[in-house]
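Report on the structure given below.
The values are calculated or read from the model by the stated rules, or taken from the named source; none is laboratory data. Note that the structure is a prediction, hence the values are computed from the model and not measured. Methodologically, a virtual Cβ is constructed for each residue, glycine included, from the backbone with ideal geometry; neighbour enumeration extends over all protein chains shown. Surface areas here come from the heavy atoms of the whole protein model, side chains and all, with no ligands, DNA or RNA. Shrake-Rupley method; radii C 1.70, N 1.55, O 1.52, S 1.80 Å.
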Amino acid sequence: MTQFDNSYARLPDRFYARIDPDPVDTPEMILFNTDLAETLGVTERDAAVFAGNVVPEGAEPLAQVYAAHQFGGWVPRLGDGRAILLGEVVTDQGRFDIQLKGAGRTPYSRNGDGRAWLGPVLREYIVSEFMAACDVPTTRALAAVATGERVQRERAYPGGVLTRVAASHIRVGTFQYFTAQEDNEAVRLLAEHVRDRHYPQAQTMLDLYSQIVAAQARLIARWMGLGFVHGVMNTDNTGIAGETIDYGPCAFIDSYAPNACYSSIDHHGRYAFDQQANIAGWNLAQLGSCFVGMLTEETGSQDAAVEALTQALNQFPAIYQTAWRETFAAKLGITDPRDGDEDLAQDLLSLMAQTRADFTNVFARLGTDKARDEFTDRPAFDAWAARWHARRDRGPEGAALMARANPQVIPRTHRLEEAIVAATEGDFAKALRLARVLSAPFDLADADRDLMAPPTQDEIVPATFCGT
């Protein structure tokens, strides 16, 4: 594998536990991301390395500790219970974590076995690479390996290990852990590490917090443009680098409903589609509380620190709204987004909600008769379309913008489930096909157009599950 330079491992020991992955029986490579490997300078393709049987030279395996608010409830100590960070590689494009997910027990596993079964591994590989193809900040998937072992959940499933690549795996919950411990030194060391690694332009800790707020606002706006429902936006799943992290009970909207909620454990819709910006703001408020001590030292006043952090957090709605407007303007082929374009986009979404039109296919087919066919109230759509035609750029630049903003195909839950069921029986063809098509979702071959179809009534998957 490539050369490692492990800055996180140089932090004090209380930030992590050093531990090697547990070997598996008969590792077999299922998916390997050759493009990402080339970017990272990774030349190794041995399944034993990506299963954790062989630790690459220069790696310093460790499990990170963190805490979290999970569904609003405080959990003071979590950590990587089934993931092990091998280390960091440095490329021309930056520094990246290489992590094995499903690599065995760690001191933070609690009652878990530290393993992953193949379904969540394939889901995260396929969905994260789709998100990357759509230019959404996200963790990436380098490899998916079958372990040759069985993992016991409600029944025995084939095991798997995912090699995940991220700008880093530092979370809001990482800061919360040390704040709850009243370990002010650790909070500052962590903040300085984050600033050096992700936000070197930040001059002060307030600058750092403000830039994290802005990164999260822009990220959630991008989710909304794809109809993406994360499903488990706990503070340990909110990455400080502004990337999408942890694809557990996630889903993409088929028939549009603004309050879409798929996660089987989200009983009250806390993380529903239309709540994601609010929850991101809530999570950032928890992060802000971790910065109070540092800003008090800088300003000499706790009241001044709280006021400054509050003002920074209060910028979230405006940053998010601007990013949302830009995201949907691109989807509508509007090359000069301005105030008022939100209304045009929202009116289309309202029409979609009234008739449960397919979110992805409406945007992919705008400008064609097929878009109109998605609506039962076609006169209402025609009235909206007249307003749209008067506003959009009808030239090649507008068309190109729409083509880049509207994927032809998404990771539909029923297709993912089909691929996972087949994989548990030893057939990886459907998973390989989804990985291939969804890594280039804007350029769909005729032979793959069946993947555009929303689920039939019999194919609907009403709930998604965490990848435990």
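Assorted remarks:
- Reach of Lys370 by Cα under 17 Å, taken over aspartates and glutamates that are not fewer than 8 positions away in the same chain: Asp254, Asp358, Asp382, Asp446, Asp450
- Shape of region 15-55, Cα gyration tensor, a/c cut at 1.5: oblate
- Trypsin sites (Lys or Arg not before Pro) restricted to region 154-203 and DSSP loop, no more than 10 other C-beta within 10 Å: Arg155
- Taking Cβ atoms as reference points and 13 Å as the exclusive limit, the residues near Arg45 contribute a net charge of -4, counting Lys and Arg as +1 and Asp and Glu as -1.
- Gyration tensor verdict on the chain (Cα atoms; rounded if a/c is under 1.5, prolate if a/b is larger than b/c, oblate otherwise): oblate
- The packing ranking of peptides 110-117, 453-460, 382-389, highest mean first, is 110-117, 382-389, 453-460, where packing means the average number of other beta carbon atoms within 10 angstrom of each residue.
- In the chain, the DSSP beta bridges split such that about 95 percent are antiparallel, to the nearest 5.
- Directionally averaged projected area (region 358-429, Cα convex hull): 6.4 nm².
- In order along region 401-413, the Karplus-derived 3J(HN,Hα) couplings, from 6.51 cos²θ - 1.76 cosθ + 1.60 at θ = phi - 60°, round to 4, 5, 4, 7, 9, 10, x, 6, 9, 10, x, 5, 4 Hz, and Gly and Pro are given as x.
- Probe 1.4 Å, protein heavy atoms only - accessible area per residue of region 166-265 in square angstrom: 28 Å²
- Region 1-109: translational diffusion in µm²/s, Stokes-Einstein, Kirkwood Rh over Cα pairs, 4 °C, 1.567 mPa s: 87 µm²/s
- Counting Lys and Arg as +1 and Asp and Glu as -1 over every other residue whose Cβ lies under 11 Å from the Cβ of Arg188, the net charge comes to -4.
- Overall, the accessible surface of region 92-133 at a probe of 1.4 angstrom is composed of carbon and sulfur to the extent of 42 percent.
- For region 121-169, GluC sites (Glu not before Pro) are listed when DSSP marks them as loop and at most 15 other Cβ atoms sit within 10 Å of their Cβ; the list is Glu154.
- The slack between Asp135 and His267, meaning 0.36 nm per residue of separation minus the straight C-alpha distance, is 44.4 nm.
- Between Asp20 and Glu459, the modelled label-to-label distance comes to 4.7 nm, taking each label 7 Å out from Cα in the direction of the beta carbon.
- Accessible area per residue in Å² at 1.4 Å probe, computed on region 12-128: 40 Å²
- Computed over region 134-201, the range of Cα coordinates on each principal axis works out to 44, 33, 18 Å, biggest value leading.
- The accessible-area ordering, largest first, of the residues Arg150, Arg412 stands as Arg150, Arg412, per a 1.4 angstrom probe.
- Relative to one another, the C-alpha centroids of region 125-201 and region 8-26 are positioned 14 Å apart.
- In region 157-237, the portion of solvent-accessible area held by carbon and sulfur atoms comes to 42 percent [1.4 Å probe, whole percent, DNA, RNA and ligands not counted].
- Ordered from highest to lowest accessible area with the whole protein assembly present and a 1.4 Å probe, His267, His169 read as His267, His169.
- A straight line joining the Cα centroids of region 303-357 and region 47-99 runs 33 Å.
- Heavy-atom accessible area ranking, 1.4 Å probe, most first, across Lys370, Lys430: Lys370, Lys430
- Solvent-accessible area, 1.4 Å probe, carbon plus sulfur percent, for region 249-354: 46 percent
- Rounded to the nearest whole Hz, the Karplus-based 3J(HN,Hα) values (6.51 cos²θ - 1.76 cosθ + 1.60, θ = phi - 60°) of region 451-458 follow the sequence 6, 6, 5, x, x, 6, 4, 6, with x at glycine and proline.
- Near Ala221: Cβ cut-off under 15 Å, other residues only, Lys/Arg at +1 and Asp/Glu at -1. The net charge is -2.
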